[in-house]
Amino acid sequence: MSARGDFIEKFGGVFEHSPFIAERAYDAGLILVPLTAKGVHAALVSIFRKASREERLGVLRAHPDLAGRLAIAGELTEDSRQEQAGAGLDRLTPSEHARFTELNAAYTEKFGFPFIIAVKGLDRQDILAAFEKRIHNGAEEEFETATAQVEKIALLRLQSILPEN
């Protein structure tokens, strides 16, 4: 495999199901050696922010619902599964699961993409509180909040792939 292919294989999933970001960053010559989480993150975020609004919306829509049907069916990406499990979303009570399901549906209907939050370091109650607050945001505010959360998730994923010395 080529250096480009290796890079895309390793970093193409950092932005959920959106390898075009890694492809464009590599092709634009933004990837500097030695690879660091901060350096790769800066390159990928630069591409993400330059992407069209429709492309960024596609990245948001590529994220799974929290504690949603993909989680129940075991169809999350490994990163998403670990992130949600780390926050206890795989151990919800029936009433908590019902509330997440209700909020997921209302949020997606209102904004056109799933609720996205970097769950590392948060627990079920933290996530639910953020969900309850953010569902009242305006559309533009929530688009900006969700894109910022996607960038944070990307950094956390990169830090697990490329731990800094």
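Which net charge results for the neighbourhood of residue 120, defined as the other residues with beta-carbon distances under 10 angstrom from its beta-carbon, given Lys and Arg at +1 and Asp and Glu at -1? Could you put the intermediate results ahead of the total?
Numbers: positive: 152, 157; negative: 83.
Summing Lys and Arg as +1 and Asp and Glu as -1 gives +1.
Applying a 10 Å radius around every beta-carbon, put 143-152, 111-120, 48-57 in order of their mean neighbour count, most first. All intermediate terms of the calculation are to be shown ahead of the outcome.
Values: 143-152: 17.8, 111-120: 20.1, 48-57: 14.0.
So the order, starting with the most tightly packed, is 111-120, 143-152, 48-57.
Figure the gain on full extension for residue 130 and residue 93 (residue separation times 0.36 nm, minus the Cα-Cα span) and round it to one decimal in nm. Don't skip to the answer; put the middle values down first.
Numbers: separation 37, 0.36 × 37 = 13.32 nm, distance 1.84 nm.
Here the answer is 11.5 nm.
Can you compute the modelled spin-label distance between residue 52 and residue 120, with each label point 7 Å from Cα toward Cβ, in nm?
Roughly 3.2 nm, to one decimal.
Rounded to a whole number, what % of the accessible area of segment 32-165 do carbon and sulfur atoms account for, probe 1.4 Å?
On the way: 3910 of 7150 Å².
C and S fraction of accessible area: 55 percent.
I'd like to know which of 30, 67, 94 lies farthest towards the positive end of the charge dipole of the chain, counting +1 on Cβ of Lys and Arg and -1 on Cβ of Asp and Glu.
Selected residue: 30.
Compute the accessible area per residue over the chain, keeping the other protein chains in place, probe 1.4 Å, unit Å².
Details: 8750 Å² over 165 residues.
Accessible area per residue: 53 Å².
Going out from 0 in 5 Å bins, what whole percent of all Cα-Cα distances in the chain drops into each bin?
Once binned at 5 Å, the Cα pair distances of the chain give 1, 9, 18, 21, 19, 15, 10, 5, 2, 0.
How do 135-142, 39-46 rank on mean C-beta neighbours within 10 Å, highest first? The partial results should precede the final answer.
Numbers: 135-142: 12.4, 39-46: 19.4.
For the peptides 135-142, 39-46, the packing ranking is 39-46, 135-142.
The values are calculated or read from the model by the stated rules, or taken from the named source; none is laboratory data. Model, not experiment: these values are computed from the prediction. Note that we place each Cβ from the backbone using ideal geometry, even for glycine, and neighbour counts take in every protein chain shown. These accessible areas exclude ligands, DNA and RNA; they are computed on the full protein's heavy atoms, side chains included. Shrake-Rupley method; radii C 1.70, N 1.55, O 1.52, S 1.80 Å.
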